[in-house]
Amino acid sequence: MRLRDIAHARTGDKGDTSNISVIAYRARDWPLIERTMTAERVARHFGIERADAVSRYALPQLHALNFVLRGFLTGGVTRSLAIDAHGKCLGATLLDIEMEAGGESLPRP
Amino acid sequence: MSEVRTVRIGTGAGFAGDRIAPAVDLAKRGALDFLVFECLAERTIALAQQARLHDPSGGFDRLLERRLRAVLPACHANGTRIVTNMGAANPRAAARRAADVARDLGLRGLRVAAVLGDDVLDRTGDIALDELGATVRELGDRVISANAYTGIRGIVAALDAGADVVVCGRVADPALFVAPLVQTHRWAMDDWDRLGKGTLIGHLLECAAQVTGGYFADPGRKDVPNLAEIGFPIAEVGADGNAVVSKLEGTGGQVTRATCIEQLLYEVHDPAAYMQPDVIADFSQVQFERIGPDRVRVTGGTGRRAPAMLKVSVGYRDGWIGEGQISYAGSGCVARGRLAADLVTARLGPLGDDVLERRSDLIGYDAVSRAVRDPRPDPPEIRMRFAARCRTRAGAHRVAEEVEGLYLCGPSGGGGFTGRTQEVVAIASGYIAAPDVCQTHEMTET
């Protein structure tokens, strides 16, 4: 099971900082997401070595996490050489993270 | 006390290139008190300032005339007032153009206000730009613009003076929405709770369709009905600051808890401290409740005392970017694309002379998801993209030339070259003491 099967995401940018929200479709998947989707896990997924470059904020009443990735946009949209200078595609790649086995089938929002 | 009423506020644009038809629909059928057009991205104002240097009567949004021509008749007929940051680097000229459009449409007695004061270029020399480790003065003649993220005061004053159309430059995006709420509901400037709630509404609405099903669809998982005819959002805001987000009946898209939660966190860092000129908004306890089809009630926003400093966005010239692309297909396309990138690297020569920074991607393979490190099978085709930042325009132009040269002097089977050269207008941020920025407005009547 991938994160994509139980959560959706949206990516935003401000300067050289990207933020990615991860939102559970269903309340019953929130504890798994809340437990396993740590800042360290997200940093590892994106190959970020500096531990303090990723922060995580939780909004439990909305079953949502917000990850903030500082210095991750190669200078930000105005000067980055990247093709996706905003980093808008990042959230979708985060949803490809493999979750623990034993998850349930695809939920519908 | 006047009777407590609900303010109906809608979004007419969420960025400079946004679609116009949904705004016209809102103007005609929305029964709106206010229609807000948010059209300024981080860099837009610096680009507009460059345009103004070429043409002193320019430097504002190039779609201002088309947008206003499309919505003004209905807004005038329905008593809907317009607030926008389409003034960009020249709100005064933009307001003049807006008044001209109104006269041309035969709309008499329309009051158009230009809100001024965000341009702080004349007093930013000592401001430190942390990303660059330099002050604005040290950037010398590379500096193009410096604009403070101003708040609601200028807009509120213009609305109090009876403006039907308010044209601003750089204003914090949510403030475009908070100002009409403050003006109508007579919220106090130190009512941090309501200013926080207003900021929440502004934040949800400022990107237009991003809360009504845009930037959301993922077929099979997040299907959005009739995305082709997506409607823009409306907020019905009570005097207590609580609101219902909806859209017009018959439009495409959807307003659901999921679209609202995604937009709540869009471009937000710490949800408990969303920094604004007039308040530090706190979204950490927000609740969304579905109360009907495409109707979501928003509660739980709050705020605390405004920060002492305002963010200043400084635009500066930062060299040129040259880019070229060429495609490879079939087995071995990844290896051929890599060889192509190596050849361009070698032919451009070492870094530091004219080429300051370079990067190559294989589009369809590693261009946007470099993070996934696992070995991947070759896709059926890739597109090699080479980009470099150069000191000079000629240097940047060479990047595209060397990619084009791959046709005859590169790997086998390269096709479909494209190239471009573009000046880099970069943005860096600093801070200015809030009392050093004073907003005023000028009114024109048609």
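Report yes if some residue within segment B:328-343 is among the polar types (S, T, N, Q), more than 30 Å from B:ARG257 (Cα to Cα) and away from chain A (no Cβ under 14 Å); otherwise report no. Write out each step before concluding.
Here is the first cut: in segment B:328-343, the residues among the polar types (S, T, N, Q) are B:331.
Among the residues that remain, those that are also more than 30 Å from B:ARG257 (Cα to Cα) are: B:331.
Going one step further and asking which of them are away from chain A (no Cβ under 14 Å), we end up with B:331.
Within segment B:328-343, one or more residues are among the polar types (S, T, N, Q), more than 30 Å from B:ARG257 (Cα to Cα) and away from chain A (no Cβ under 14 Å).
In segment B:33-50, how many are surrounded by fewer than 23 Cβ atoms within 10 Å (Cβ to Cβ) and at pLDDT 95 or above?
1
Could you please find all residues in segment B:240-281 being without any contact (Cβ under 8 Å) to a residue 40 or more places away in the chain, within 27 Å of B:LEU26 (Cα to Cα) and within 22 Å of the chain's Cα centre (by Cα)?
B:ILE261, B:LEU265, B:GLU267
Exactly one condition in (1) assigned by TED's automatic domain parsing to the domain that holds B:LEU176; (2) surrounded by fewer than 24 Cβ atoms within 10 Å (Cβ to Cβ); (3) within 24 Å of B:ALA306 (Cα to Cα) is not met by B:ILE127; state its number.
The one condition B:ILE127 does not meet is (1).
Give B:ASP278, B:ASP270 a once-over and let me know the one that is within 12 Å of chain A (Cβ to nearest Cβ) and not in a strand (DSSP E or B). So that I can check it myself, show each step before the final result.
Values: B:ASP278 fails: within 12 Å of chain A (Cβ to nearest Cβ).
Only one candidate qualifies: B:ASP270.
Could you tell me whether segment A:60-67 includes any residue that is crowded, with 23+ Cβ neighbours inside 10 Å, more than 10 Å from every other protein chain (Cβ to nearest Cβ) and either closer than 28 Å to A:ARG79 by Cα or over 14 Å from the mean Cα position of the chain (by Cα) (or both)?
no
Quick test for you: out of A:LEU3, A:LEU32, pick the one residue that is more than 9 Å from every other protein chain (Cβ to nearest Cβ), buried (at least 21 other Cβ atoms within 10 Å of the Cβ) and not aromatic (Phe, Trp, Tyr). Give the derivation first.
Numbers: A:LEU32 fails: buried (at least 21 other Cβ atoms within 10 Å of the Cβ).
Only one candidate qualifies: A:LEU3.
Name the residues in segment B:59-75 that are assigned to a loop (DSSP other than H, G, I, E, B), in contact with a helix residue (DSSP H, G or I) (Cβ under 9 Å, 6 or more places away or on another chain) and surrounded by fewer than 19 Cβ atoms within 10 Å (Cβ to Cβ), would you?
Within segment B:59-75, just B:ARG62 meets the criteria.
Given the conditions (1) at pLDDT below 95; (2) charged (D, E, K, R); (3) under 22 Å from the mean Cα position of the chain (by Cα), report the number of the one that B:ARG19 does not fulfil.
(1)
Could you figure out which of (1) surrounded by 18 or more Cβ atoms within 10 Å (Cβ to Cβ); (2) under 17 Å from B:PRO293 (Cβ atoms) isn't true of B:GLY214?
(2) is the only condition that B:GLY214 fails.
Pull up segment B:82-98, narrow it to residues that are surrounded by fewer than 23 Cβ atoms within 10 Å (Cβ to Cβ) and in contact (Cβ under 8 Å) with a residue 60 or more places away in the chain, then point me to the one that is farthest from the chain's Cα centre (by Cα). Break it down stepwise before answering.
Filtering segment B:82-98 down to residues surrounded by fewer than 23 Cβ atoms within 10 Å (Cβ to Cβ) leaves B:92-93, B:96-97.
Then drop every residue that is not in contact (Cβ under 8 Å) with a residue 60 or more places away in the chain, which leaves B:92, B:96.
On the way: B:ARG92: 21, B:ARG96: 23 Å.
Result: B:ARG96.
Of all the strands (runs of 3 or more DSSP E) wholly in segment B:337-446, which have at least 1 residues that are closer than 24 Å to B:SER145 by Cα, in contact (Cβ under 8 Å) with a residue 24 or more places away in the chain and touching a Leu at 6+ places or on another chain (Cβ under 8 Å)?
B:381-390, B:415-433, B:440-445
How many of the residues making up segment B:131-150 are assigned to a helix (DSSP H, G or I) and aliphatic (A, V, I, L, M)?
To start, the set of residues in segment B:131-150 that are assigned to a helix (DSSP H, G or I) comprises B:137-142.
Next cut, aliphatic (A, V, I, L, M) only: B:139.
Of the residues in segment B:131-150, 1 are assigned to a helix (DSSP H, G or I) and aliphatic (A, V, I, L, M).
What are the residues in segment A:44-59 that are touching a residue at least 12 places away in the same chain (Cβ under 8 Å) and closer than 21 Å to A:ARG4 by Cβ, if any?
Of everything in segment A:44-59, those that are touching a residue at least 12 places away in the same chain (Cβ under 8 Å) and closer than 21 Å to A:ARG4 by Cβ turn out to be A:HIS45, A:PHE46, A:ILE48, A:VAL54, A:ARG56, A:ALA58.
Residue check: is B:THR251 away from chain A (no Cβ under 14 Å) and either among the hydroxyl-bearing types (Ser, Thr, Tyr) or surrounded by 21 or more Cβ atoms within 10 Å (Cβ to Cβ) (or both)?
Values: away from chain A (no Cβ under 14 Å): yes; either among the hydroxyl-bearing types (Ser, Thr, Tyr) or surrounded by 21 or more Cβ atoms within 10 Å (Cβ to Cβ) (or both): yes.
Against the criterion (away from chain A (no Cβ under 14 Å) and either among the hydroxyl-bearing types (Ser, Thr, Tyr) or surrounded by 21 or more Cβ atoms within 10 Å (Cβ to Cβ) (or both)), B:THR251 qualifies.
Filter segment B:212-260 down to the residues that are farther than 12 Å from B:GLY10 by Cα and aliphatic (A, V, I, L, M) and list them by number.
Within segment B:212-260, B:ALA217, B:VAL224, B:LEU227, B:ALA228, B:ILE230, B:ALA239, B:ALA243, B:VAL255, B:ALA258 meet the criteria.
Hey, can you tell me all the residues within segment B:402-420 that are small (Gly, Ala, Ser) and under 13 Å from B:LEU339 (Cα atoms)? Walk me through how you get there before you give the answer.
Of the residues in segment B:402-420, the ones small (Gly, Ala, Ser) are B:405, B:410, B:412-416, B:419.
Listed by number, the residues that qualify are B:GLY410, B:SER412, B:GLY413, B:GLY414.
Of the conditions (1) within 30 Å of B:PRO225 (Cα to Cα); (2) crowded, with 17+ Cβ neighbours inside 10 Å; (3) more than 10 Å from chain B (Cβ to nearest Cβ), A:LEU73 fails just one. Which one is it?
(1)
Might you check whether a residue that is at pLDDT 95 or above, in a loop (DSSP other than H, G, I, E, B) and farther than 25 Å from B:MET443 by Cα occurs anywhere in segment B:169-192? Walk me through it before giving the result.
As a first pass, look at segment B:169-192 and keep what is at pLDDT 95 or above: B:169-192.
Subset that is in a loop (DSSP other than H, G, I, E, B): B:169-170, B:172-174, B:186-191.
Checking which are farther than 25 Å from B:MET443 by Cα leaves us with B:190-191.
The answer is yes, given that some residue of segment B:169-192 is at pLDDT 95 or above, in a loop (DSSP other than H, G, I, E, B) and farther than 25 Å from B:MET443 by Cα.
The values are calculated or read from the model by the stated rules, or taken from the named source; none is laboratory data. No experiment lies behind these values; they were computed from the predicted model shown. So basically every Cβ, Gly included, is an ideal-geometry build from the backbone, and we count neighbours across all protein chains shown.
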